[in-house]
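One structure below.
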Amino acid sequence: MDRRDADRYKVLTRRAVLIGSAQIGLIGVLVGRLYDLEVVQASKYKLLARDNSISLRFIVPIRGRIFDRFGAELATNRRNYRVLLVPEQTNDVEATLDKLGDMLPIDTEQRRNIERLIEERDAFIPVTVASHLTWKQFASINVRIPSLPGVQLGVGLTRHYPMGTELAHILGYVGAPTQKNVQNNPLLELPGFQVGKSGIEKQYDLALRGKAGYRRVEVNAMGREVRELERNNGTPGSNINLTIDVRLQSFLSQRLAAHRVAAGVVLDAATCDVLAMASVPSYDPNDFVLGITNAEWHRLNDDHRHPLNDLAITGQFPPGSTFKPVVAMAGLECGAIQPDTKFFCPGYYKLGDAVFHCWKLGGHGLIGLQGAIEQSCDVFFYNVAHRTGIMNIAHMARRFGLGSPTGIDLPGEAPGLIPTPSWKEKALGRPWEPGETLIAGIGQGYVLTTPLQLAVMTARLSNGGYGVTPRMVRNPAVMAANDMPQSLARPTHTPLGFNRAHVELILSAMKLVTSNPYGTAYDQRITEPQFAMAGKTGTAQARHLKIRTIGLGRYKLVPWIERDHGLFICFAPEDTPRYAAAFVIEHGGESSRAAAIAHDVMLQAQLLAPLARPAASGLYGVAQETS
Amino acid sequence: MDDSFTHEPGNLPLARKLLVVNWGLVFLLCLVGAISIAMLYSAANGHMRPWATRQVLHFAEGFAILFAVALTDLRFWLKYAYVIYLISLLLLVLGDVSGTIGLGAKRWIALGPVQLEPSEVAKVALVLALARYFNGLPIDEVVRMRRLLAPLALIFMPTLLVLRQPDLGTAFLLSMIGAAMFFLAGVRWWKFAIALALVIAAIPVGWHFLHAYQKERLLGFLHPESDPLGAGYHIIQSKIALGSGGVFGKGFLRGTQSHLDFLPEKQTDFIFTTLAEEFGMVGGLTLLVLYALIFAYGFAIGLSSRNQFGRLVALGVTTMVFLYVFVNIAMVSGLVPVVGVPLPLVSYGGTALLTLMFAFGLVLCVSVHRDLRLPTRGGGSGSL
């Protein structure tokens, strides 16, 4: 062996023995310590473990309430008596549940759910067995509590929606968090804790939830509380003020309810704040809070009219002739037509071998822009579309807010569709055909819009061309706390850069729609001159939807109805527009039925005049409106 | 004359290497691993999720690494010791710059999908680097002061980086590992005395650099009962868990302290309390005996190696694991302050486990190549 290595091996061996001995000694210290704690002092620590342990328990924060723009309560919290079971405090979960079952109606499905929760969660976390007890049930369990180990009675708060079906789509509802939400958030595991599942409740869930408080309590080894040491009540959720006027909302819902499937949106034309937005059929969100039955859930889900969907933001329809103002703006702004351009309408338009018909068989004769909007001449707009080109039309439609979600603070908004040749190439793998530009020019074919988008488009037109974004909530602080974009919290009115004369030309044409006896909505005009509304009718063919919307949307064609969709967009008062609106009746036949709704709603809006008096600001909210 | 030996054993065929792997040590590691899975299952209230399942996967990966390292030529690790050390330093710097903050300290960096704790890697890298340095240094050179400047720098660089995070426990472990390696290499006794005196003198200065939570933990250790809801909480609850276990424990899955969530970090640093609560003194002693046997294997392998590099690696790794075990158990039983050191092979955590398996792979590698002789470079050329 290498001599040098032998030297250092000798040193290393000697020192390794020293280190090894030290390690044995230190392990001995550990053994001694364990002996001291676990044998000598064991009885002391056993006592401590049994009697004197400190635990942290959460306090569920009170969910923020929701008000309308004038402070009317739309979502609130109600007292709710319930029975809880702490699994580890009962020896026999089955027997306890059986006993409770004698006093309360617990069906097998509920029972399975309870047993699943007990299986999944920590044994010391209480599981809700039944809630919304009547006082009699509550009292009868209360007297039997001594013979029911692990059973606790609690008073909780439950969400309540006084407006029921009328605001269901906007407010949404709350429910127990799913297993996916619960992960890594013990707060969500607490019995009775609810999170927003749709609508405003979902969109602003973080702000509404508040911050959990906690209590430090002494508990014994069974986890039962001995006494409370410290308490922090947490922060209740922020209250929210909506832009909605609940009176107008009620009126709109009731007016729409006469139809099978319909939606309507009324906006503040200047700011795009949503004053009323409704969709029928609807559902009662209170059913969900109370724990919806499977049968009811299936009934709602299987209904072909989709009561759970908010048609106003998720329904995608061809806009039909309500799209014509956009096409006219596109033509004017890019110079393809002049304000005085006229075309001859023989009742059809020929492009190559293809013939495109006007809705009026005999044709409109020589007709200008105003007349074409007033009487909704299709041939005029075939000409405009042909000259303007699909790219210019699509660009203009985007400036009006079509073809992508408007950015409203509600979840699940549909984007609609503004077709372009490159879109078609990608989506359908076929090239764009010239005739499709003409079809798009009258708002048919691939073009799809939501009722909200149509209302926003009308608002942007009637306010003189300002790019406003619709919003539901009036508290900037709440919006910021919930990570909503700054642009929504403090709206800016960016001009869209339209030629003012062009806008005025189209607005005056829309006035003719209701004021000229030849106008398509003359019969539905508002006769009181100070409330007069201007608008544009639209009829969208539903028959071809099936073919045209393959792969595009959720919209399902129902075989038993092949009637067209009726649409109407409008603003009022016609000379100084304050209210902009859009109404759609699915399979509503003629547009006149939509215009009839518009007549009633727009008149009511101006009578109620929500924009004429100041909205409640911060009075009802924790978060103050600071703007 | 030295060079002629380097061509000797070393190049065994793979099958032969597998036979000479120290299977006793592998078996002990498996036993401790089984205890780990059982305790993580219990810490999750009798569920495989979230920890036990993933720990099984970590062990599977760990054993793959272990065998890969064990079957590699020892000279490979000698050759790349400094490279590994530099990489570990780089990771520490990266962690310092971009690390995510966990529990008040920058300890983690994300390497693609993998969360890496650079300070874990640094410990093994330090052992490798020091072993390589002293492998090239005969005993008459080791006693010279100027020969010690380079290895001191090897210790200080990672230690200071870890202190910046700030992670007191790891910094302490790193310097202790370094000291042990110096000691084994043959550095004179009186130099350790001086170093110790310097450290004691530096304590009052160092106190000012501590974070508030670290001061709290240290003070809480000295007077736990003064603040039962604050800094002393961990220690009191942990001691109650241990003490209430008694001789035979409360039984598997029956520990009230851990299951009622009195214990923080019950799946990582405080996992020993769950074991001692549920299996009592008997359970705790069993684990300690298993550890002691692992250390014994480590020492035996180190002392039977024919090359200084292998001896230092085996003894260095063994000492490192011992320090982990001692500090962790002393910490949870209230003997030393809570510093955040996991219980090796038992605590939940990917990087720590994989690094340990890598380290044990090195020990096995030393064992496989015990007859390999490496040259001691004579004279003036210390190899840095």
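The values are calculated or read from the model by the stated rules, or taken from the named source; none is laboratory data. In this text the structure is predicted, and so the values were computed from the model without any measurement. No Cβ is skipped: glycine too gets one built from the backbone with ideal geometry, and neighbour counts run over all protein chains shown.
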Please list, ordered by residue number, the strands (runs of 3 or more DSSP E) wholly in the stretch A:229-345 having 1 or more residues that are aromatic (Phe, Trp, Tyr). A:342-345
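Conditions (1) more than 30 Å from A:Ser238 (Cβ to Cβ); (2) surrounded by fewer than 20 Cβ atoms within 10 Å (Cβ to Cβ), marked per residue:
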residue: A:Ala42; (1), (2): yes, no
residue: A:Arg57; (1), (2): no, yes
residue: A:Arg65; (1), (2): no, no
residue: A:Ala72; (1), (2): no, yes
residue: A:Ala75; (1), (2): no, no
residue: A:Arg79; (1), (2): no, yes
Which of the numbered conditions does A:Leu452 fail, given that it passes all the others? Conditions: (1) over 20 Å from the mean Cα position of the chain (by Cα); (2) modelled with pLDDT of 90 or more. (1)
For the stretch A:449-489, name all the residues that are within 18 Å of A:Gly403 (Cα to Cα) and out of contact with any helix residue (DSSP H, G or I) (no Cβ under 9 Å at 6 or more places or on another chain). A:Val456, A:Ala459
Quick one: which residue in B:Val247, B:Val321, B:Val341 is in contact with a Leu (Cβ under 9 Å, 6 or more places away or on another chain) and either facing chain A (nearest Cβ under 8 Å) or assigned to a helix (DSSP H, G or I) (or both)? B:Val321
(1) closer than 30 Å to B:Phe295 by Cα; (2) in contact with a Lys or Arg (Cβ under 9 Å, 6 or more places away or on another chain) all hold for A:Gly28 apart from (2)
Would you confirm whether any residue within the stretch A:592-601 is β-branched (Val, Ile, Thr), touching a Phe, Trp or Tyr at 6+ places or on another chain (Cβ under 9 Å) and under 16 Å from A:Thr527 (Cβ atoms)? yes
Which ones in the stretch A:346-374 are in contact with a Gly (Cβ under 8 Å, 6 or more places away or on another chain), charged (D, E, K, R) and not in a helix (DSSP H, G or I)? A:Lys360
Quick one: which residue in A:Ser617, A:Ser592 is assigned to a helix (DSSP H, G or I), among the hydroxyl-bearing types (Ser, Thr, Tyr), under 24 Å from A:Leu267 (Cα atoms) and at pLDDT below 90? A:Ser592
Taking the stretch A:1-42 and keeping only residues that are hydrophobic (A, V, I, L, M, F, W, C) and within 7 Å of another protein chain (Cβ to nearest Cβ), one is left with A:Val11, A:Leu12, A:Ala16, A:Ile19, A:Leu26, A:Ile27, A:Leu30, A:Val31, A:Leu34, A:Leu37, A:Val39, A:Ala42
Those residues of the stretch A:342-379 which are of a type in the set (Val, Ile, Thr) and farther than 16 Å from A:Glu504 by Cα, in sequence order: A:Val355, A:Ile367, A:Val379
Tell me yes or no: at least one residue of the stretch B:359-373 is within 14 Å of chain A (Cβ to nearest Cβ), modelled with pLDDT of 95 or more and either part of a loop (DSSP other than H, G, I, E, B) or surrounded by fewer than 24 Cβ atoms within 10 Å (Cβ to Cβ) (or both). no
I need the full set of residues from the stretch A:254-280 which are among the β-branched types (Val, Ile, Thr) and surrounded by fewer than 24 Cβ atoms within 10 Å (Cβ to Cβ), in order please. A:Val261, A:Thr271
Scan (1) hydrophobic (A, V, I, L, M, F, W, C); (2) under 19 Å from B:Arg147 (Cα atoms); (3) loosely packed, with under 13 Cβ neighbours inside 10 Å for the single condition B:Ile203 breaks and write down its number. (2)
Selection count, the stretch B:290-318, where residues are without any contact (Cβ under 8 Å) to a residue 60 or more places away in the chain and more than 9 Å from every other protein chain (Cβ to nearest Cβ): 2
Regarding A:Asp98, is this residue more than 33 Å from the chain's Cα centre (by Cα), within 30 Å of B:Gly246 (Cβ to Cβ) and either at pLDDT below 85 or surrounded by fewer than 16 Cβ atoms within 10 Å (Cβ to Cβ) (or both)? no
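For every residue, the table says whether it meets (1) outside any helix (DSSP H, G or I); (2) crowded, with 22+ Cβ neighbours inside 10 Å.
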| residue | (1), (2) |
| --- | --- |
| B:Ala276 | no, yes |
| B:Val289 | no, no |
| B:Phe309 | no, yes |
| B:Val336 | yes, no |
| B:Leu345 | yes, yes |
| B:Tyr348 | yes, yes |
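Let's see how each residue does on (1) within 30 Å of B:Leu374 (Cβ to Cβ); (2) touching a residue at least 24 places away in the same chain (Cβ under 8 Å); (3) assigned by TED's automatic domain parsing to the domain that holds A:Asp273:
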residue: A:Asp5; (1), (2), (3): yes, no, no
residue: A:Ser21; (1), (2), (3): yes, no, no
residue: A:Gln41; (1), (2), (3): no, no, no
residue: A:Arg63; (1), (2), (3): no, yes, no
residue: A:Arg69; (1), (2), (3): no, yes, no
residue: A:Glu73; (1), (2), (3): no, yes, no
residue: A:Asn80; (1), (2), (3): no, yes, no
residue: A:Leu84; (1), (2), (3): no, yes, no
residue: A:Pro87; (1), (2), (3): no, yes, no
Here's a check for you: in the stretch A:55-76, which residue that is at pLDDT 90 or above and in contact with a Ser or Thr (Cβ under 7 Å, 6 or more places away or on another chain) is farthest from the other protein chains (Cβ to nearest Cβ)? A:Arg69
Check the stretch A:191-214 and report whether any residue there is at pLDDT below 80, within 14 Å of another protein chain (Cβ to nearest Cβ), closer than 26 Å to A:Thr76 by Cα and out of contact with any His (no Cβ under 6 Å at 6 or more places or on another chain). yes
With the condition being without any contact (Cβ under 8 Å) to a residue 12 or more places away in the chain, I'd like the helices (runs of 4 or more DSSP H) fully within the stretch A:445-544 carrying at least 1 qualifying residues. A:476-481, A:486-489, A:500-515
Flagged pairs (Cβ under 9 angstrom, 6 or more apart or on separate chains; first in the stretch A:266-294, more than 19 Å from A:Asp68 (Cβ to Cβ) and modelled with pLDDT under 90; second β-branched (Val, Ile, Thr) and crowded, with 24+ Cβ neighbours inside 10 Å) are A:Phe288/A:Val174; A:Val289/A:Val174
